[in-house]
Structure formats: structure tokens, C-alpha cells
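Undergrad: Mind having a look at this structure? Questions to follow.
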Protein chains: 2
Amino acid sequence: MPKEPERILLAHGSGGSLSRRLVEDIFLSAFDNAFLAPLNDQAVFDVSSRSLAFTTDSYVIRPIFFPGGDIGKLSVCGTINDLAVGGAVPLYLSASFIIEEGMFFDELQRVVASMAQTAKKAGVQIITGDTKVVERGKGDKLFINTAGIGEIKNGARLSPDKIKAGDVIIVSGSMGDHGIAILAERDGIDMDTPVLSDCAPLHDLVCAMLLAVPDGIRAMRDPTRGGLATVLNEFAARSNLAMTIKEAAIPVKPEVKGACEILGFDPLYLANEGKLIAVVSPENASACLSAMKKDPLGRDSAIIGTVEEKPKGRVILETQVGSRRILEMLSGEQLPRIC
Amino acid sequence: MPKEPERILLAHGSGGSLSRRLVEDIFLSAFDNAFLAPLNDQAVFDVSSRSLAFTTDSYVIRPIFFPGGDIGKLSVCGTINDLAVGGAVPLYLSASFIIEEGMFFDELQRVVASMAQTAKKAGVQIITGDTKVVERGKGDKLFINTAGIGEIKNGARLSPDKIKAGDVIIVSGSMGDHGIAILAERDGIDMDTPVLSDCAPLHDLVCAMLLAVPDGIRAMRDPTRGGLATVLNEFAARSNLAMTIKEAAIPVKPEVKGACEILGFDPLYLANEGKLIAVVSPENASACLSAMKKDPLGRDSAIIGTVEEKPKGRVILETQVGSRRILEMLSGEQLPRIC
């Protein structure tokens, strides 16, 4: 008789010997580094810069495995990206797991291996962590929180407050891939050209941009939940200026456009997990764009619009047929648990 | 007709306008500080020390309100304590919320107010955060993750590796209060003398100890899940020495002792949320103890045992009747979701 695969028990969250085994067998071996190894409740590290960035994100995506990634890869990329778009070099992550009783060990192991691999490729270390187990029906397989610390080099302080009229709006690639990939997986939609999540760490791209135009970038953001439209609305509100973009200039893959038309979604509101939006001073826009296009993750970068004086605090979309309409903030929920 | 109290909707997790309202109405006002106010995805701060400590913890305690505290107070104290017992001065916290759809707004508001008050009293700031909403039945009202950053002053590096034979084991007060408080609340047990959770931030106590005996403390730990027995087992394993303690010397409140006898729990394995265990060099033990007793959170501090050469890696309990037995690591689950 085949053995039932090993599952997570409530006792794996007890703090006792099963917790210890979980940490040693699953986490320590995967995240292997000198900071984590002492298994203290905190990790100690030295920094060279006095100016640090700190961020946190909990990941509750459903399903936990999806085309182009999984909750582990997402939890590393997402937090790296939150640091990177603030102009910080990501250094260290924490990882905290809320596991539902009954989860298969090998699924957890796959997620953790994916986190470890993504972190390694990105040159960041996972140096402290925590695990909790909740009863069956009180969670949903796995939630992961990662907090991240990065160093701000060269005093780069990016902020939407710095946006000025005349600035140029650039996106680093096609919009909506992550949203459609999750939706298709969740609803079992069969697509001629399957869409993969764009889930990727953006810090190398950001580094290339900051090197190319050290003083040219006003603000950056990664358009996750709520997509491009939400980020631009935040920029518009914070700068009290108008973000004017051209629909025809916004990169959207044909298969994403097709899926959106059938399913009634707008790609400008769909989540992305490996894209950024930058507002750049006009004199630096073309240098920034060409630096972005040289990075594999910025190959499809495009200038999509400009910042104007009016209407204050608004995002204006010039459609393909030449009309202008306001892009509002998302008011309801488009796709729950997309990240 | 009375209006139904406002509840959390899935759309509060969308990243759109309802998310923004949630952040502004509930979190920004409560955690009010200059780091958080820009509402960027990361907070930027300066440090004066080059040596930092980093920790994370997810809190899944059930119920979220309990005698002596709530999940908000716990999530701030717990992470402060993880930093403090490593010899770090807690500076900044992140806060990430996984909210179950349908949670009442006013309950969330009470939790957040409690976090803000606890952080303020402890002199730490919550400078970055995140919220996610999961569908009804896919979470349990509220899970909170806090990650924390602290500064290591004066190069104090505490670690169980530094424990030596002859060292003295001190606890800062009575064992098992938190565990019994949660259990009584959860099971509706009526007690003559109700037990309150000891949930409290320990960094002032730690600071007083480090001032009194700067080089005298080898290792510290807060005995949460798994209690005193688990911490001592970790110390024993890491130092490869024997932790020998006297049952009669361990402070346990009579009402906790009584509840344990009736319910079949061992107070040495019950969770605490405002206590610490320190291993101190013999020549510094009495100075350390008297510094601890001067702090309100260390009033009931007691020397409970010593470190011996043998049996290596074991915890030995000398019982009240004079016998000696091995205190093992917890092997199953005593009380799920105690923190």
C-alpha cells in the first residue's frame, strides 16, 4: 500500500520538537546562510549605509502554484520590488509562514525551494523567520509574509512628491500578464497562447536606470493589485497633477487583450508582478528608456504618456479612437487574492 | 432600525479606493508618524549603529481579545521581545494584516488602537505595512505579522553558544500566565482568581540588565510557545551542557498551578508573553537579579538553577520531593494558536 504523503500537523506549530524538525528539515537547509544558522529569534547583520528602507507584504495568492511562478517566488520578488522601486538595494528578507493543518510537506518544500532559488538569483538572503500552524478551515493552505531591508545608496530618494508637469511616464513592459495568468489558472480557462505570470525581481533593472540617469527619476512604483491605473492615480493624487497616457502606447500582449475582452477585464487595472512604472524628467526620458530596454526585464519598455498641469489629481486616458476619459481608482474588487 | 456595523469586504483588499480608505481611516491615523505618512511601499530611516537585529513573527492567536491583551498588543510586544532578548534596542516595526472578509471594522479598529498604544508606550514606531483580505472561511478573523528592526548597542552579542558550566539561570517572573489566560478564555473556564496574560514589552527590563552587568549575560530568550522547558532545551542543545533547575524555585502563581492541576497542563511548557529567561555568569548573578527586581516587569525574578557539565544537552528538573527527572522538548501540541 503506498504511504500517505506526510502532512503538516498542528504540532508542527507547537514550538516543540516537531517545530524544530520543520525548521531544520525544510527551512534551514533551503535558506542556508550564516545569519539564519544560529536559530535565534532575531538575526544580526551589519550595514554600510546609514539610510535604510524597510517594507513588508503578506502573500495570500490562490492557487499557490500558477503558470510562471508560485507563492514562494512571488513572496521574494514582491518584497524585493517594493524595496527596488524606492531606490533601495535589497539586502535581507524575513520569511513568516502561516500554514493550514493538513498541507502536504512536499508542497511546502517546493514553495520553500522556489523562495530559496529566487533569493539566491537575486542576491538577497533570508535571515530570520517564523512558522505558525492553524487548524484546517482556518487558513488556506499557505500564507507567507516577507519583510525586507535594503540600503539606499547615493541618497536616491524617490517620491511621487517630486513629480513635475512635463515629466514623462514609462512602463517597463506589458500590462496584465500576472492577473490573466492567475485568472486562467483559477477558472481553468484554456488559452491558445497560455499567459505566464511576469513575476520577477526588478532590482537589477532599477539599478541600471539609476546608473543611467542618477537624478532623472522622480518616482517609481510596481503596479501590483489595482494595476497601472491605480499607481497613476496615486501619483496624480500625491503630485496634484494630471497623468495623461495614450492607450495605443501601453504594451499589452494580444493574448491578454483577447482574454480581457472575453472576460470583461481592463488590463490597466490588472496586477503585474515584474513590471514598474517610472516618472522621469523630460531631459532624461530617452536615456532612461534605452537603459531599460537593455535589461531583459525592460525589453518592452515604452513611454506611455506625460505629466500635465490639469486636470489636477486626475489620470486621463487618450483612447485609440482619440477620445479622452478619466481613469478612476478601482472602486470594487476585480480579482481577490491575486498576490 | 439600527444600522448593521460596518464589515470588511473583499474590496478592502483590492488595492483600489476601498483599500485606500482602510489604510487612511484605520491605520494611518492610529500609527501616525513621519515615516509612514508618505504611504510609499517602503519606509526609509537612518540608523546610528552599524549593527542591526531583524526579526519577524506572525500572530494567529485565538481569540483575538483575551484577558490582559489582544492580538494587536501581542504582535507589538512579541516582536519587541524577540529583539530585546537578543540585546537589541527595538526601533521600528512593520505591520501586515491578513483580514477575513466580514470582520467588523470596530474590532479591527480596537486591535489597531491597541497596537498603536503599545508601540507608543514602548517608544517604537510602526513605519510600514500591508493589508490583505481573504474570503470568509479562508482565514480566522485576523492574522498579524510584525517584523522588527533594532540596534545592537555596545556590541552586546548574546547567544546560547556562550553559556558555560557554572552559569546561573534566572527567570523574570511567574511561568504560564499567558497560556492559562488564553485557555480559560477559550474554553469559558470560570476561575476564582482570573489569570491575565502577562503580555508586555521587555526591552526596558533588558536594558536595565545590560546596564547592570554589561558582560555578565550569556544568553536570553522569551519563553513563548513551548514555555520554559523548550527554551532550556534549546540552551542545553546549543551549549551541549546540562540546564539543572529546581521546581521549588520556579515562580508559578497559585491560580495557574491550580488550573494546571485540574486541566492536566504543566506550567513549564505553557506560553509566556512578558517573561524572559537569562543565563548569567556566576559572579554577575546577584547584581543581575537585583537589577531585574527593580523593574516592574522583573519584580518576581528568581534564580531557578545552574548550568552543569552533565548530562550533556539535557534539562534536569529537581522536583519538590527531591527526585530528578529529564524535562524533554514538547513532542506534540499542547495548546494550538496561543500566539
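The values are calculated or read from the model by the stated rules, or taken from the named source; none is laboratory data. All values derive from a computational prediction rather than experimental measurement. Backbone-built Cβ (ideal geometry, glycine too); neighbour counts: all protein chains shown. Surface accessibility is based on the protein's heavy atoms, side chains included, excluding ligands, DNA and RNA. Shrake-Rupley method; radii C 1.70, N 1.55, O 1.52, S 1.80 Å.
Undergrad: Can you work out which of the residues in segment B:1-33 that are in a loop (DSSP other than H, G, I, E, B) and away from chain A (no Cβ under 13 Å) is most open to solvent (accessible area, probe 1.4 Å)?
TA: By that ranking, first place goes to B:Met1.
Undergrad: I would also like to ask the following. Would you check if there is a residue in segment B:81-101 being outside the structural domain of B:Gly216 (by TED's automatic domain parsing), touching an Asp or Glu at 6+ places or on another chain (Cβ under 6 Å), closer than 22 Å to B:Asp25 by Cα and at pLDDT below 95?
TA: So far as segment B:81-101 goes, no, none of its residues is outside the structural domain of B:Gly216 (by TED's automatic domain parsing), touching an Asp or Glu at 6+ places or on another chain (Cβ under 6 Å), closer than 22 Å to B:Asp25 by Cα and at pLDDT below 95.
Undergrad: When you go through A:Asp177, A:Asp215, A:Asp140 one by one, which is the residue that is in the same structural domain as A:Gly264 (by TED's automatic domain parsing), modelled with pLDDT of 95 or more and charged (D, E, K, R)? Break it down into steps so the answer makes sense when it comes.
TA: Values: A:Asp215 fails: modelled with pLDDT of 95 or more; A:Asp140 fails: in the same structural domain as A:Gly264 (by TED's automatic domain parsing).
Exactly one of A:Asp177, A:Asp215, A:Asp140 is in the same structural domain as A:Gly264 (by TED's automatic domain parsing), modelled with pLDDT of 95 or more and charged (D, E, K, R), namely A:Asp177.
Undergrad: I'd like to verify a number: residues in segment B:46-91 that are assigned to a strand (DSSP E or B), crowded, with 24+ Cβ neighbours inside 10 Å and at the interface with another protein chain (Cβ under 7 Å from one of its Cβ atoms), how many?
TA: Looking only at that region, the number is 7.
Undergrad: For the list (1) open to solvent by 30 Å² or more (accessible area, probe 1.4 Å); (2) touching an Asp or Glu at 6+ places or on another chain (Cβ under 8 Å); (3) in a helix (DSSP H, G or I), I need the number of the one condition that B:Thr224 fails.
TA: (3)
Undergrad: Do we find a residue being in the same structural domain as B:Glu261 (by TED's automatic domain parsing) and at pLDDT below 95 anywhere in segment B:163-173?
TA: Checked segment B:163-173: no residue is in the same structural domain as B:Glu261 (by TED's automatic domain parsing) and at pLDDT below 95.
Undergrad: Taking segment B:61-80 only, how many residues are more than 12 Å from B:Leu91 (Cα to Cα) and within 13 Å of the chain's Cα centre (by Cα)?
TA: Qualifying residue count for the region: 10.
Undergrad: Hey, another quick one. Please verify whether B:Val44 is touching a residue at least 60 places away in the same chain (Cβ under 8 Å), of a type in the set (A, V, I, L, M, F, W, C) and not assigned by TED's automatic domain parsing to the domain that holds B:Phe235, treating the condition exactly as stated.
TA: Considered against the rule, which asks whether it is touching a residue at least 60 places away in the same chain (Cβ under 8 Å), of a type in the set (A, V, I, L, M, F, W, C) and not assigned by TED's automatic domain parsing to the domain that holds B:Phe235, B:Val44 comes out as no.
Undergrad: Out of segment A:177-191, which residues are among the β-branched types (Val, Ile, Thr) and under 12 Å from A:Cys339 (Cα atoms)?
TA: A:Ile182 - this is the single residue of segment A:177-191 that is among the β-branched types (Val, Ile, Thr) and under 12 Å from A:Cys339 (Cα atoms).
Undergrad: For segment A:327-339, which residues satisfy the criterion of being modelled with pLDDT of 90 or more and open to solvent by 50 Å² or more (accessible area, probe 1.4 Å)?
TA: Hit for segment A:327-339 is A:Glu328, nothing else.
Undergrad: Additional query: So which of B:Glu283, B:Glu234 ends up being open to solvent by 30 Å² or more (accessible area, probe 1.4 Å), among the charged types (D, E, K, R) and out of contact with any helix residue (DSSP H, G or I) (no Cβ under 8 Å at 6 or more places or on another chain)?
TA: Result of the check over B:Glu283, B:Glu234: B:Glu283.
Undergrad: Follow-up. Do you know which residues across segment B:286-312 are open to solvent by less than 70 Å² (accessible area, probe 1.4 Å) and assigned to a helix (DSSP H, G or I)?
TA: Within segment B:286-312, B:Ala287, B:Cys288, B:Leu289, B:Ser290, B:Ala291, B:Met292, B:Leu297, B:Gly298 qualify.
Undergrad: Being among the small types (Gly, Ala, Ser) and either open to solvent by 10 Å² or more (accessible area, probe 1.4 Å) or within 25 Å of A:Lys138 (Cβ to Cβ) (or both): is that true of B:Ala242 here?
TA: The answer is no for B:Ala242.
Undergrad: Same structure, new question: Given the structure, is B:Arg324 modelled with pLDDT of 95 or more and within 21 Å of B:Leu196 (Cα to Cα)?
TA: No, not satisfied.
Undergrad: Let me ask something else. Answer yes or no as to whether A:Val252 is within 20 Å of the chain's Cα centre (by Cα) and more than 30 Å from A:Leu211 (Cβ to Cβ).
TA: Against the criterion (within 20 Å of the chain's Cα centre (by Cα) and more than 30 Å from A:Leu211 (Cβ to Cβ)), A:Val252 does not qualify.
Undergrad: Of A:Glu261, A:Glu273, A:Glu247, which residue is loosely packed, with under 15 Cβ neighbours inside 10 Å and acidic (Asp, Glu)?
TA: Just a single option satisfies the conditions, and that option is A:Glu261.
Undergrad: Criterion first (farther than 26 Å from A:Leu205 by Cα and in contact with a Gly (Cβ under 8 Å, 6 or more places away or on another chain)) does A:Asn272 satisfy it?
TA: Considered against the rule, which asks whether it is farther than 26 Å from A:Leu205 by Cα and in contact with a Gly (Cβ under 8 Å, 6 or more places away or on another chain), A:Asn272 comes out as no.
Undergrad: Could you run through segment B:190-231 and say how many residues are closer than 14 Å to B:Gly179 by Cβ and basic (Lys, Arg)?
TA: 1
Undergrad: Kindly indicate whether B:Leu9 is closer than 30 Å to A:Ser239 by Cα and at pLDDT 90 or above.
TA: Against the criterion (closer than 30 Å to A:Ser239 by Cα and at pLDDT 90 or above), B:Leu9 qualifies.
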